[in-house]
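Here's the structure we're looking at; comments come further down.
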Amino acid sequence: MSSPNDSEIFNPSPEVLEQANVPEYEAMYDYSITNREGFWADQAETLSWFKKWDTVLDESNAPFYKWFDGGSINIVQNAIDRHLGNANRNKMAIIWEGENGQVRNYSYNGLNREVCQFANTLKSMGVNKGDIVTIYMPQIPELIFAMLACAKIGAIHSVVYGGFSTEALASRIDDAQSRVLITADGGWRRGRQIDLKSIANEAMKRTPSIEVCICVKNNELDVEMEPARDFWLHDLKALPIASSKCETEQTSAEDPLFILYTSGTTGKPKGMLHTHGGYAVYTSTTHRMAFDIKPQDRWWCAADPGWITGHSYIVYGPLINGATIMLYEGAPNYPYPNRWWQIVEKYGINILYTSPTAIRGLMRFGDRWPQKHDLSSLRLLGSVGEPINPEAWRWYHQVIGNNKCPIIDTWWQTETGGFMVCPLPITPLKPGSATKPFFGNEISIVDDDGSEVPAGEEGKLIIKNPWPGMARTIFKDDQRYADLYWSKRDNIWCYLAGDSAKKDEDGYIWVIGRMDEVLKVSGYRLGTAEIESALVSHPQVNEAAAIGLPHELKGNAIHTYVILKQGQTGSLELELELKEHVSKELGKIATPEAVAFVDSLPKTRSGKIMRRVLKARALGQDEGDLSTLEE
Ligand code: WT7
């Protein structure tokens with residue numbers, strides 16, 4: 001992959017300029033910085049509130065900020081209810097296509113009916129306001145219904161990505177102490193049925209808190225149902241109690257909406273907590289402005305709802321904006337490498353938002369697959385999850401966007417809730433740069449002492465202000481949240497993102513990658529510590545280290561080093577067994593690319609594994625400062 005060139009510029013076409021929702025950046029940006037609360041209050045005014053806020057931003061307990069405190073709002077009131085009284089009522093809210101070609105459509109009215117029935121079902125199972133419901137599902141409409149049903153009654157959802165496996169699910173259920181789990185018998189991938197319920201069963205054995213498990217029927221797998229604990233959704237929906245009328249709970253702006261676990265530097269994932277009010281304002285505003293959303297748009301964010309990208313930009317932001325959302329369950333190249341392009345053509349998708357990994361994966365099959373299709377409905381393209389390399393950017397721009405669609409490269413995180421650095425469609429683009437801060441945000445690149453580094457130099461990316469979409473805390477761990485993310489510089493609270501980046505002479509931000517023990521593999525965020533603890537849970541393994549090494553398609557691939565228990569010897573069989581073990585414990589996305597059997601690992605005197613040394617050795621680079629390395 002070649003490195004980015006900061007002088008290559010793509011200017012927006014006259015058509016793009018003409019129809020832009022935000023016709024100008026600089027003046028609006030200046031206003032949003034000098035009058036941050038005014039800017040966000042203006043945006044909040046576009047939503048429907050049961051009661052307006054008392055204060056826009058409460059900084060009295062920083063870094064625990066409150067937005068729109070005193071206000072009463074439910075995100076579902078905005079994502080569904082308010083559309084029912086206008087022309088959106090019969091508009092398509094969700095178009096879903098399964099891998100086998102099955103199609104299901106829901107209008108906003110139909111979505112409301114499903115969500116109300118689901119909400120009543122949850123109530124009948126004893127779910128109350130403030131309860132945490134874990135959701136472990138494939139990419140089917142019921143996943144969205146389940147999330148919205150929780151939010152509607154003021155329950156908190158904790159979605160665990162359907163590609164995760166036993167231990168990843170069990171540890172997240174355990175941390176949240178969920179009493180209710182919503183899952184499905186299985187999902188589809190490359191024509192095969194993925195058995196989710198048996199993974200859920202195994203996870204429920206490892207953690208005892210689940211009392212009720214609601215299972216959606218999605219394929220033909222014969223699954224084990226435990227009487228009095230496990231129920232089929234279709235049976236529950238058939239009961240009189242599951243009516244299609246349900247009041248939306250009047251939650252407070254700062255009431256929790258969801259927890260989403262993300263990997264950090266320890267083996268224990270962090271439950272990032274987001275709220276009803278600020279998150280609704282932030283996701284809808286960023287989505288409307290950065291992607292120029294129009295009433296007639298068909299929007300396809302080809303991520304999984306189980307990650308923050310899906311929460312913010314499949315479900316909440318787009319539904320609040322009344323868009324029609326596309327959802328596809330299956331592999332991008334199944335049965336042929338044109339599957340996605342076929343979907344774009346068939347449904348007339350206007351905006352496609354995906355990851356560099358997916359783009360590289362499809363690019364590899366050549367231009368003839370997209371060229372077979374009429375992709376002229378596309379107006380804008382988006383990228384997220386990792387830096388996009390210029391080759392992939394240009395291919396996406398030329399072959400998919402026919403040189404007319406701006407590429408909206410959005411930098412953000414699970415913690416930020418929504419876009420922090422991204423262009424608007426009118427912004428001149430430089431391939432590989434997420435360009436400029438979104439409104440209200442001041443972003444700096446600093447050195448270890450917190451001083452701003454000169455243009456063109458690498459440093460740590462910090463955000464020098466609160467924003468409405470920010471996570472409020474780590475679930476049950478306020479201290480860790482404050483310590484990990486926030487510090488005071490020149491009397492200003494700054495958020496430390498954990499990424500290294502550069503800012504060029506034009507103020508464009510170039511994100512380089514994670515600075516901590518977090519890996520981005522195919523855009524998925526994984527902690528080295530989680531992979532290591534999965535390896536160590538194998539009976540023959542004594543110690544393990546995981547690092548990321550550059551990979552053509554995945555961005556990074558997981559390489560591991562393993563010290564076996566005494567008397568054990570490494571072999572090809574054991575290597576395969578260990579890979580399979582990690583895949584079973586954490587999920588396929590965490591499967592190591594390679595397992596090397598070693599006798600020792602480089603460590604500091606205090607016993608910390610020096611992954612940086614392993615990485616330098618693997619790449620044949622200078623090992624750097626070894627003064628802390630133990631003999
Ligand atoms: C990390 C956050 C944000 C939704 C998906 C990922 C990396 C994300 C970009 C981008 C360069 C990016 C960063 C960040 N990242 N978007 N456009 N350019 N890097 O959310 O799983 O919380 O991961 O993803 O390293 O810290 P996440």
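Here is how the numbers come out for the structure above:
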item: Residues with amide H under 5 Å from that of R298, placed H, sequence gap 5 or more; result: N350, I351
item: Centre separation in Å (Cα based) which lies between the stretch 169-225 and the stretch 63-134; result: 22 Å
item: Solvent-free Debye scattering, log10 I(q)/I(0), computed from the Cα coordinates of the stretch 498-631 at q = 0.20, 0.21, 0.23 Å⁻¹; result: -1.24, -1.33, -1.49
item: Accessible-area composition of the stretch 152-250, carbon plus sulfur, in percent [1.4 Å probe]; result: 48 percent
item: Cα lying deepest toward the dipole's positive end in the chain, options W307, L84, I132, charges on Cβ; result: L84
item: Accessible surface of the stretch 351-401 [probe 1.4 Å, protein heavy atoms]: carbon and sulfur percent; result: 52 percent
item: Kirkwood Rh, angstrom, the chain [1 / mean 1/r, Cα pairs]; result: 25.2 Å
item: Computed E for K603/F64 - FRET, C-beta separation, R0 41 angstrom, nearest 0.05; result: 0.65
item: Surrounding net charge for R472, when Lys and Arg each add one and Asp and Glu each subtract one, Cβ distance under 14 Å; result: -4
item: Free-standing Cys, the chain [no other Cys Cβ under 4.7 Å]; result: C150, C213, C215, C301, C405, C422, C494
item: Table column - 3J(HN,Hα) (Hz), the stretch 327-337, Karplus curve with 6.51, -1.76, 1.60, x for Gly and Pro; result: 9, 10, 9, x, 7, x, 10, 10, x, 10, x
item: Computed helical MRE - 222 nm, the chain, DSSP H runs ≥ 4 contributing -39500 (n - 2.57), nearest 500; result: -7500 deg cm²/dmol
item: Relative contact order (percent, whole number), the stretch 191-332, Cα cutoff 8 Å, 6+ residue spacing; result: 14 percent
item: Cα-centred dipole magnitude for the chain, charges only on beta-carbon of K, R (+1) and D, E (-1), debye, nearest 20; result: 1560 debye
item: Once the Cα gyration tensor of the stretch 347-392 is diagonalised, semi-axes √(5λ) in Å; result: 19, 15, 8
item: Selection from N11, G317, P335 lying farthest towards where the dipole of the chain points positive, charges on Cβ; result: P335
item: Total formal charge among the other residues, if their Cβ is under 13 angstrom from that of D69, Lys/Arg +1 and Asp/Glu -1; result: -2
item: Accessible surface, 1.4 Å probe, highest first, among residues R82, R617; result: R617, R82
item: The stretch 449-496 versus the stretch 7-42: alpha-carbon centroid distance in Å; result: 25 Å
item: Protein-only accessible surface order, largest first, of M137, M225 at 1.4 Å; result: M225, M137
item: At least 18 Å along the helix axis (C-alpha) and Kyte average at least -1.0, DSSP helices within the chain; result: 108-124, 277-290, 572-585
item: Per residue accessible area of the stretch 35-147, 1.4 Å probe, in Å²; result: 35 Å²
item: Estimated inter-spin distance, S13 and Q177, nm [label 7 Å along Cα→Cβ]; result: 5.7 nm
item: FRET E, pair E442, I512, Förster distance 22 Å, beta-carbon r, rounded to 0.05; result: 0.65
item: Where the stretch 418-459 is the region considered: accessible area per residue in Å², 1.4 Å probe; result: 28 Å²
item: Accessible surface, per residue, of the stretch 485-557 when the full set of protein chains is kept, probe 1.4 Å, Å²; result: 39 Å²
item: Dmax and Rg, reported as Rg then Dmax, of the stretch 500-545 (C-alpha, Å); result: 16.3, 55
item: In order through the stretch 223-231: 3J(HN,Hα) via Karplus (6.51 cos²θ - 1.76 cosθ + 1.60), integer Hz, x for Gly, Pro; result: 10, 8, 10, 8, x, 6, 10, 9, 9
item: FRET efficiency estimate (nearest 0.05) - Cβ-Cβ, S376 to I33, R0 35 angstrom; result: 0.35
item: Cα coordinate range in the stretch 382-440, projected on the principal axes (Å, largest first); result: 33, 22, 14
item: Dimensionless Rg over Rh [the stretch 249-358; C-alpha; Kirkwood]; result: 1.02
item: Relative contact order computed over the stretch 438-566 (Cα-Cα under 8 Å; 6+ residues apart), in percent; result: 16 percent
item: Sulfur and carbon atoms: percent of accessible area, the stretch 1-138 [1.4 Å]; result: 46 percent
item: The stretch 612-631 and the stretch 504-528: distance between their alpha carbon centers, rounded to Å; result: 21 Å
item: The stretch 249-257 - phi-based ³J(HN,Hα) in whole Hz, Karplus 6.51/-1.76/1.60, Gly and Pro as x; result: 5, 8, 7, 7, 4, 8, 5, x, 9
item: Gyration tensor verdict on the stretch 241-312 (Cα atoms; rounded if a/c is under 1.5, prolate if a/b is larger than b/c, oblate otherwise); result: oblate
item: Percent RCO, i.e. relative contact order, over the chain, from Cα pairs under 8 Å lying at least 6 residues apart; result: 14 percent
item: Three-way shape label, the stretch 473-514, alpha-carbon gyration tensor, a/c 1.5; result: oblate
item: Three-way shape label, the stretch 541-605, alpha-carbon gyration tensor, a/c 1.5; result: oblate
item: 5 angstrom amide H check on A594, placed H, neighbours 5+ away; result: T560
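The values are calculated or read from the model by the stated rules, or taken from the named source; none is laboratory data. Keep in mind it's a predicted model, so treat the numbers as computed, not measured. Note that we place each Cβ from the backbone using ideal geometry, even for glycine, and neighbour counts take in every protein chain shown. Accessible surface is based on the protein model in full, side chains and every heavy atom, while ligands, DNA and RNA are left aside. Shrake-Rupley method; radii C 1.70, N 1.55, O 1.52, S 1.80 Å.
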